[in-house]
Each structure stands twice: as C-alpha cells, then as structure tokens.
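The values are calculated or read from the model by the stated rules, or taken from the named source; none is laboratory data. The model shown is predicted, which means the values in this text are computed figures rather than measured ones. So basically every Cβ, Gly included, is an ideal-geometry build from the backbone, and we count neighbours across all protein chains shown.
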Amino acid sequence: MMTVEEISTSLIMWFFYPLIPCLLIDGAAILPAPQNLSVQSTNMKHLLIWSPVAMPEEIIHYSVEYQGEYESLYMSHVWIPSSRCSPTKVPECDVTDDITATVPYNLRVRATLGSQDSAWSMLKHPFNRNSTILTPPRMEVIKDGLHLVIKLEDLGPQLEFLVAYWRREPGAKEHVKRVRSRGIPVHLETREPGEYCVKAQTFVKAIGRHSTFSQAECIKVQEEPLPLELALFAFAGFMLILVVLLFSIWKMGRLLRYSCCPAVVLPDTLKITTSPQKLISCRKEEVDACATTVLPPEELFRTWI
C-alpha cells in the first residue's frame, strides 16, 4: 500500500510530466509562440495582429513572413520576410505593401528573445485582400459662386471615389463623377442657383468592389451680391471714367470750335487809340499845305495806319 508521500509525488509527476517536453529542450526553457493571429483590413490597408508573448522584464522581437500563390506554387513554398516587420517589437504588422495581388496569402509570426526563437504561428485561414472592408469617405461640401466644391478624405493610392450630385427637386437628374482625390478639392458644375445634394462612395478597381454611399449633404447655391469693397471700387472707377469722358468731350468741342469758327482778334498795332480829329484830313485845295507839313515819326506811322 502506497503512503501519502508517494501518492503526492505520483500526482505531481503525473501533472507536470506532459509539460516537460514543452518547457525544456536541452535543459533550456522554450520561448512560447505568438497566438491568436488575425488580419484587420479596411480600405485596402491590411494589419496583421497577434497576442504578445508574456515574458516579464524582457524585450521580445517578432518576425513576420508571408507566402502568396506564386511563392507557394512556383517557388517551392518559399517564405518571404515582411518589408516592414522583420523584426518588430510591437505585436502587429502592416502587410499592405506585401499583399500585392488578389490571391490567398499565408502569414506566419514567431518570437525571438536573444538567440532563442519560438516556433512559427500561422494564420488559420489564408488572407485575400478582396475581403477588405470598404467605407465611404468623409467629405466636406462648400460653395464657390455657382459651383460646389467637395473635399474628400484621402484613403490611399488604390482608392477612387464616385461622387453623385443632383438638384433637389422632383425628377432631377443625378450626375456621377469619378475622381481620384488625394486630398485635392473637386469642383462640381451646377450652372444655376438652387439646392444641391452630394454623396460619395469608395471604389477599388483592383478588386472590383465599392462601398456604400455616404449620407447625402445638401447645400444652397445662389448668386452672391458684390462685396462692399468691390462695389465701392466699381463706383470709383465709374466716376473716374465719367469725369475723363466729360473732359474729353469738352476738350474736343473747343478744338472743333477753334478749328471751324476761329475768333478774329485785331492785334494792338491795328487798333485806333487816338481821336479821329487828330488825324489830318486834306482837301484838294490844301494838298500843297499838307504836303509841306512835317509830322513826327510817331504821328506819321499812326496816320499811315
């Protein structure tokens, strides 16, 4: 019959014996492998995440590798290190640049502590980027005169947007415009005043999918009055033009007047400044007397005039 001490020893050995191969290899503790691998993919941005390895007061590094359809079928199942996460200290990896085709991808992760590596943990199901979740873009709608201007959220180089806008009235036609925003404002022509509504959806040509439309935003478009400064400037310009025009008309009138009907003004030398009585009148019988009369030069000149 076994004693209590022997029974206790047997129980301990029975409990820990299955764990010995998992904890010791050549007398050293095995580094646990990362667990719970999954991919969060939104708007063609793919993030591989996993549960961190619990090692107090130790810095664990992780390595991530991927294998696409080409590597699996034509390259003898070769694994390629991720361009961003080999190695990394955080329990996540952006594999967007590694997933370049719409085919299934296998992903795996292992932990490293010093010179010791854990076993590889693989994603349970291959990831295909066509399963990404597409969301409508955030947008801002403003007006610019009789035009609408929308600013769309920049969601990356692979995403395009379909923008639908229409005049808010019965039977109005819906216009659709395909744009690649990249954060650049987009002008929508409306042509006439009224209330217009706009909505947008995300589109990815590489996978042939699009998101739902965003909630429609409506805004009134109308002709705006001229600002006060512009009105004052226009009035000042009008008055200046009016003054110049009136001055030009007055000046032209004077030129025409003096050209067609000049005013004749006698020079001072032709004006009579003395009394006619002072002029010498000679009769025929007094010709000789007048002829012999000597006049001063000034009087002679005046008499000749």
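General observations
- Total residues in region 126-150 satisfying the condition of being modelled with pLDDT under 90 and of a type in the set (D, E, K, R): the figure is 2.
- Unique residue being more than 22 Å from Gly183 (Cα to Cα), at pLDDT 85 or above and hydrophobic (A, V, I, L, M, F, W, C) when the list is Leu255, Leu245, Leu230, Leu226: Leu245
- All conditions in (1) free of Cβ contacts under 8 Å to residues at least 24 places away in the same chain; (2) buried (at least 16 other Cβ atoms within 10 Å of the Cβ) hold for Thr88, with the sole exception of (1).
Residue-wise test of (1) closer than 19 Å to Gly68 by Cβ; (2) assigned to a loop (DSSP other than H, G, I, E, B).
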{"position": "Asp97", "(1), (2)": "yes, yes"}
{"position": "Leu107", "(1), (2)": "yes, no"}
{"position": "Thr112", "(1), (2)": "no, no"}
{"position": "Glu140", "(1), (2)": "no, no"}
{"position": "Val149", "(1), (2)": "no, no"}
{"position": "Asp154", "(1), (2)": "no, yes"}
{"position": "Leu162", "(1), (2)": "no, no"}
{"position": "Glu169", "(1), (2)": "no, yes"}
{"position": "Lys173", "(1), (2)": "no, yes"}
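- Residue in region 189-197 that is hydrophobic (A, V, I, L, M, F, W, C), modelled with pLDDT of 90 or more and surrounded by 12 or more Cβ atoms within 10 Å (Cβ to Cβ) present: yes
- Trp166 vs. criteria closer than 25 Å to Leu48 by Cβ, over 16 Å from the mean Cα position of the chain (by Cα) and either surrounded by fewer than 17 Cβ atoms within 10 Å (Cβ to Cβ) or not assigned by TED's automatic domain parsing to the domain that holds Ser41 (or both): no
- Checked against the criteria, Gly171 does not count as out of contact with any strand residue (DSSP E or B) (no Cβ under 6 Å at 6 or more places or on another chain), free of Cβ contacts under 8 Å to residues at least 60 places away in the same chain and within 29 Å of Ile99 (Cβ to Cβ).
- Wholly within region 15-78, strands (runs of 3 or more DSSP E) carrying at least 3 residues that are of a type in the set (A, V, I, L, M, F, W, C) and either crowded, with 17+ Cβ neighbours inside 10 Å or modelled with pLDDT of 95 or more (or both): 45-51
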